[in-house]
Amino acid sequence: MDKELIKAHKISDEEYEQILKILGREPNLLELGVISAMWSEHCSYKSSKKYLKNFPTKADWVIQGPGENAGVIDIGGGYAAVFKVESHNHPSFIEPFAGAATGVGGIMRDVFTMGARVVAGLNSLKFGSLKGTHAKHQKYLVKGVVGGISHYGNCMGVPTIGGEVAFDECFNGNILVNAFALGICPIKDIFYAKAEGVGNPVIYVGSKTGKDGLGGAVMASDSFTQASKSLRPTVQIGDPFSEKLLMEACLELFKTDFIVGIQDMGAAGLTSSSFEMAGKSGSGMKLYLDKTPMREEGMNAYELMLSESQERMLICAKKGCENEVIKIFEKWGLDCAVIGEVTDSGKMELFWENELVGLIPIAPLSDKAPVLDRELKKPAYLDEIKTYKFELKMPAKELFKQLLSNENANDKAFIYDQFDSSVQTNTMKADGKLGASVIRVKENNAAVAMTVECNSRLNFIDPKIGAILNVANSGRKVACTGAKPLSISDCLNYGSPLNAEVMWQFAKGCEGIKEACKALNTPVVSGNVSLYNETEGTSIYPSPTIVCVGVLKEASKCLKSSFKANTSLYLLGKTYGEFAGSLAMKVQDSKVAGVLKDFDYEAELKLWNFLYEANQKGILACANSVGVGGLAISLAKMCAISNVGVSLKSGFDDEALLFDESASRAIVGVNDEQAFEALAAEFKLEFTRLGQSVAELNFVLDNINLSLNELKKLYFESFEEQIQ
């Protein structure tokens, strides 16, 4: 076969030799395309697979861990939460509206294909600098991405209830768009991706197939260059109204006994869905590709197997039930066609007008998929940045104002106001209210709390401890709602695996997640890896996005992050003087440097357990994790959303500590000081009484003193000005 053609499919010489052994002959173009998609980084995880092994994935509450479309946990009363986070970085950089929209659509299909109605969405967004030469393009990307997310989620009738957004020069050439979806269903109604039973029909449902998204999985497995603008045709175009119909039709289908399994057509489209369904069951499959519903004339077998057109599913039905399945989808106005059948050959047989045009053994394609042992090298920059120390070089009030108005700390109403957060009427705590978001589960009167966390600066200065902190910080935010953190989903965003320093960062990040999830008992139940996030050789900061999901058995006990006047406020946990990778250092010194201290799991778990018990006993009025910008910024945000003033003393000898970002800390409002202090002493938990919220509309914390109106203007209005 022509070497240039092989190279165009991102197949290495070693991989091509393996293909020849599997097939026992030269592949044709269709077979090469199919194998290149299945062996792409995006689908095969060939650079990352070895580091994902041994992630903690089991607990009493875990029903389904990694390996299916989404993870599943028991939330009580016979109900399950089904969830996953996934990246759509490359498409969103090339075509922000369509890329972000289809990222949302894809993650929703991963959830409802498991049998769950999607009830909530989150997102984690990373953009480049809003200052300097890149500012105009980054603002265009922000508006496009946010527009795409809101368009798809709002049209689907699924509330987008939370998220995070960060800005840094390292994302100038490669933004990150990570989408999360969560669904609820009875445990007994969960469906899996399988195709078994010789003679059972394989049915295509959903929208017609077009040429959009061709080569998307392969495109997502490469770095950006100046030529990447030509990749627009590899970005899919989504239609949320079709997906809404598809979800309703699938949920209706799930109430019947007509099907064996179902699989979303995501990355690599019909290729990945058919191979995965047959592969999980040890079956074979025949596909008659000319029977596929097509949007365009003149499409061929290659295009049909590799198109990533949206809003499509593949179903393995029970023989004799074909017409019943077709009736359901036709009722909802969707295409539905029998395009194949299950066999016991162990091979994928592809036909075009009754002629065999492709024959690929399924198990060997999976078993022999490359698992690469990439070179690892500790980045040289780590030695250069570790000696840098932060010192406060301006009045605390001045730095406070700069931090509160900074795009990495201020309120993002410009973004979240575009999302419908209240549709479905289950949202208890949404974006803009600080910390984790919460929905009520009417079926069992419980609440599910969820939050997304990724501090890329911390991962840049220490990829292992940074990843640990992402896991811990997300769990702490969930704990601050009164819920028990139960499990995580991760989306591991890193640079090119061809770079030994990036692979070292990735390996360390995985080490950190493994260690933290084991110690904190929050197993990984689903996830995604996104590599090649670099442009012209410049990688992003390591960015392992973590979503933590927790459950509060009584929704009525959900804790907010806001307080009323005359509430006693306390700081829980120890302040160490942790400024490495802090926002204070970034804003004052334009540096991302320092050394992170080892993480104290005992202190973190003690805080989680205390928050849970204190809330169950009715001692707490509110709670909020201390995060970016430290105690001063976390308190300021609480005052802003509460519209209440405070008069507080930190007790710190050094006022720089107001901006310290030590982990395992929370600010709580207390209903009963005596009971609170007695319980904290019982837990041997360090605490400081800060003072009280007051009727006067001022923010007073040590030497920082400004009116609540000025504080709210800095916090609520700054981002709108920065993004215009």
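The values are calculated or read from the model by the stated rules, or taken from the named source; none is laboratory data. Since the model is a prediction, treat every value here as computed from it, not as a measurement. Note that we place each Cβ from the backbone using ideal geometry, even for glycine, and neighbour counts take in every protein chain shown.
Condition first: aromatic (Phe, Trp, Tyr) and either part of a loop (DSSP other than H, G, I, E, B) or touching a helix residue (DSSP H, G or I) at 6+ places or on another chain (Cβ under 6 Å) (or both). Now tell me which residues in the stretch 537-573 satisfy that.
First pass over the stretch 537-573, keeping only residues aromatic (Phe, Trp, Tyr): 541, 563, 570.
Correct list: Tyr541, Phe563.
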Go through (1) free of Cβ contacts under 8 Å to residues at least 60 places away in the same chain; (2) in a loop (DSSP other than H, G, I, E, B) and name the single condition Lys319 misses. (1)
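Could you pull out the residue among Met305, Met299, Met247, Met285 that is closer than 25 Å to Ile187 by Cβ, touching a residue at least 60 places away in the same chain (Cβ under 8 Å) and either aliphatic (A, V, I, L, M) or not in a helix (DSSP H, G or I) (or both)?
Working: Met305 fails: closer than 25 Å to Ile187 by Cβ; Met299 fails: closer than 25 Å to Ile187 by Cβ; Met285 fails: closer than 25 Å to Ile187 by Cβ.
Checking each option against the conditions leaves just Met247.
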Within the stretch 437-460, count every residue that is more than 19 Å from Ser664 (Cα to Cα) and assigned to a helix (DSSP H, G or I). 1
Here are some residues: Ala632, Ala681, Ala656, Ala695. Which one is within 30 Å of the chain's Cα centre (by Cα) and either farther than 15 Å from Ser561 by Cα or crowded, with 21+ Cβ neighbours inside 10 Å (or both)? Ala632
Looking at the stretch 483-492, can you tell me whether even one residue there is more than 30 Å from Gly618 (Cβ to Cβ), modelled with pLDDT of 95 or more and β-branched (Val, Ile, Thr)? no
Quick one: in the stretch 449-484, which of the residues that are more than 29 Å from Glu554 (Cα to Cα) and of a type in the set (S, T, N, Q) is surrounded by the most Cβ atoms within 10 Å (Cβ to Cβ)? Asn459
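Would you say Phe652 is under 27 Å from Tyr388 (Cα atoms) and of a type outside the set (Ser, Thr, Tyr)? If you could, list the steps in order and put the result at the bottom.
Numbers: under 27 Å from Tyr388 (Cα atoms): yes; of a type outside the set (Ser, Thr, Tyr): yes.
So Phe652 passes the test.
I'd like to know if the stretch 467-487 contains one or more residues that are farther than 16 Å from Val85 by Cβ and without any contact (Cβ under 8 Å) to a residue 60 or more places away in the chain.
First, the residues of the stretch 467-487 that are farther than 16 Å from Val85 by Cβ: 468-469, 472, 476, 479-484.
Checking the rest, the ones that are also without any contact (Cβ under 8 Å) to a residue 60 or more places away in the chain come to none.
Looking through the stretch 467-487, none of the residues is farther than 16 Å from Val85 by Cβ and without any contact (Cβ under 8 Å) to a residue 60 or more places away in the chain.
Counting only residues that are within 17 Å of the chain's Cα centre (by Cα) and of a type outside the set (Val, Ile, Thr), how many does the stretch 136-166 have? Break it down stepwise before answering.
Looking only at the stretch 136-166, we keep the residues that are within 17 Å of the chain's Cα centre (by Cα), and these are 145-146, 148-150, 152-153, 158-166.
Now restrict to residues that are of a type outside the set (Val, Ile, Thr): 148, 150, 152-153, 159, 162-164, 166.
Qualifying residue count, the stretch 136-166: 9.
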Residue, farthest from Ala267 (Cα to Cα), within the stretch 39-81, restricted to residues that are in contact with a strand residue (DSSP E or B) (Cβ under 7 Å, 6 or more places away or on another chain) and among the polar types (S, T, N, Q): Thr57
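How many residues are assigned to a helix (DSSP H, G or I) and hydroxyl-bearing (Ser, Thr, Tyr) if we restrict to the stretch 118-133?
The qualifying residues number 1.
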Tell me the residue from Phe579, Phe610 that is more than 28 Å from Lys712 (Cα to Cα) and either in contact with a Phe, Trp or Tyr (Cβ under 8 Å, 6 or more places away or on another chain) or at pLDDT 95 or above (or both), please. Phe610
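Only residues that are polar (S, T, N, Q) and either at pLDDT below 95 or buried (at least 21 other Cβ atoms within 10 Å of the Cβ) (or both): list them for the stretch 29-64, please. Before the answer, list the steps.
Residues of the stretch 29-64 that are polar (S, T, N, Q), as a first pass: 36, 40, 44, 47-48, 54, 57, 64.
Of everything in the stretch 29-64, those that are polar (S, T, N, Q) and either at pLDDT below 95 or buried (at least 21 other Cβ atoms within 10 Å of the Cβ) (or both) turn out to be Ser36, Ser40, Ser44, Ser47, Ser48, Asn54.
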Considering the stretch 595-620 alone, what residues qualify as being touching a Leu at 6+ places or on another chain (Cβ under 8 Å) and small (Gly, Ala, Ser)? Ala614
Give the residue that is modelled with the lowest pLDDT, with candidates limited to residues of the stretch 182-226 that are in contact with a Leu (Cβ under 7 Å, 6 or more places away or on another chain) and within 30 Å of Lys7 (Cα to Cα). Met219
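Can you tell which of Gly238, Gly261, Gly266 is surrounded by 18 or more Cβ atoms within 10 Å (Cβ to Cβ), at pLDDT 70 or above, assigned to a loop (DSSP other than H, G, I, E, B) and in contact with a Lys or Arg (Cβ under 8 Å, 6 or more places away or on another chain)?
Numbers: Gly238 fails: in contact with a Lys or Arg (Cβ under 8 Å, 6 or more places away or on another chain); Gly261 fails: assigned to a loop (DSSP other than H, G, I, E, B).
Exactly one residue qualifies, and that residue is Gly266.
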All positions within the stretch 528-551 that are among the hydrophobic types (A, V, I, L, M, F, W, C) and touching a Gly at 6+ places or on another chain (Cβ under 8 Å): Leu531, Ile540, Cys548, Val551
Restricting the stretch 554-588 to residues that are surrounded by fewer than 23 Cβ atoms within 10 Å (Cβ to Cβ), hydroxyl-bearing (Ser, Thr, Tyr) and closer than 23 Å to Leu403 by Cβ, the residue that is farthest from the chain's Cα centre (by Cα): Tyr570
Among the residues of the stretch 384-418, count how many are under 15 Å from Val165 (Cα atoms) and part of a loop (DSSP other than H, G, I, E, B). 9
Residue by residue through the stretch 467-508, note down the ones that are of a type in the set (S, T, N, Q), within 14 Å of Leu520 (Cα to Cα) and either assigned to a helix (DSSP H, G or I) or over 20 Å from the mean Cα position of the chain (by Cα) (or both). Asn470, Asn473, Ser474
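Identify, from the list Leu404, Leu382, the residue that is touching a Phe, Trp or Tyr at 6+ places or on another chain (Cβ under 7 Å) and within 30 Å of Val595 (Cβ to Cβ).
Numbers: Leu382 fails: touching a Phe, Trp or Tyr at 6+ places or on another chain (Cβ under 7 Å).
Exactly one residue qualifies, and that residue is Leu404.
Taking Lys229 as the residue in question, decide whether it is assigned to a loop (DSSP other than H, G, I, E, B) and either in contact with a helix residue (DSSP H, G or I) (Cβ under 9 Å, 6 or more places away or on another chain) or at pLDDT 90 or above (or both).
Details: assigned to a loop (DSSP other than H, G, I, E, B): no; either in contact with a helix residue (DSSP H, G or I) (Cβ under 9 Å, 6 or more places away or on another chain) or at pLDDT 90 or above (or both): yes.
Judged against the criteria, Lys229 is not a match.
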Within the stretch 148-159, is even one residue assigned to a loop (DSSP other than H, G, I, E, B), buried (at least 22 other Cβ atoms within 10 Å of the Cβ) and either in contact (Cβ under 8 Å) with a residue 24 or more places away in the chain or not acidic (Asp, Glu) (or both)? yes
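Residue-wise test of (1) buried (at least 21 other Cβ atoms within 10 Å of the Cβ); (2) acidic (Asp, Glu); (3) farther than 20 Å from Tyr532 by Cα.
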{"residue": "Ala81", "(1), (2), (3)": "yes, no, yes"}
{"residue": "Lys84", "(1), (2), (3)": "yes, no, yes"}
{"residue": "Gly103", "(1), (2), (3)": "yes, no, no"}
{"residue": "Ala116", "(1), (2), (3)": "yes, no, yes"}
{"residue": "Lys131", "(1), (2), (3)": "no, no, yes"}
{"residue": "Lys136", "(1), (2), (3)": "no, no, yes"}
{"residue": "Tyr140", "(1), (2), (3)": "no, no, yes"}
Given the options Lys347, Lys327, Lys331, name the one that is in contact (Cβ under 8 Å) with a residue 24 or more places away in the chain and surrounded by fewer than 17 Cβ atoms within 10 Å (Cβ to Cβ). Lys331
Here are some residues: Val595, Val626. Which one is at pLDDT 95 or above, β-branched (Val, Ile, Thr), crowded, with 24+ Cβ neighbours inside 10 Å and under 24 Å from Cys517 (Cβ atoms)? Val626
Go through (1) under 27 Å from Ala413 (Cα atoms); (2) out of contact with any strand residue (DSSP E or B) (no Cβ under 6 Å at 6 or more places or on another chain); (3) crowded, with 23+ Cβ neighbours inside 10 Å for Thr425 and report which single condition fails. (3)
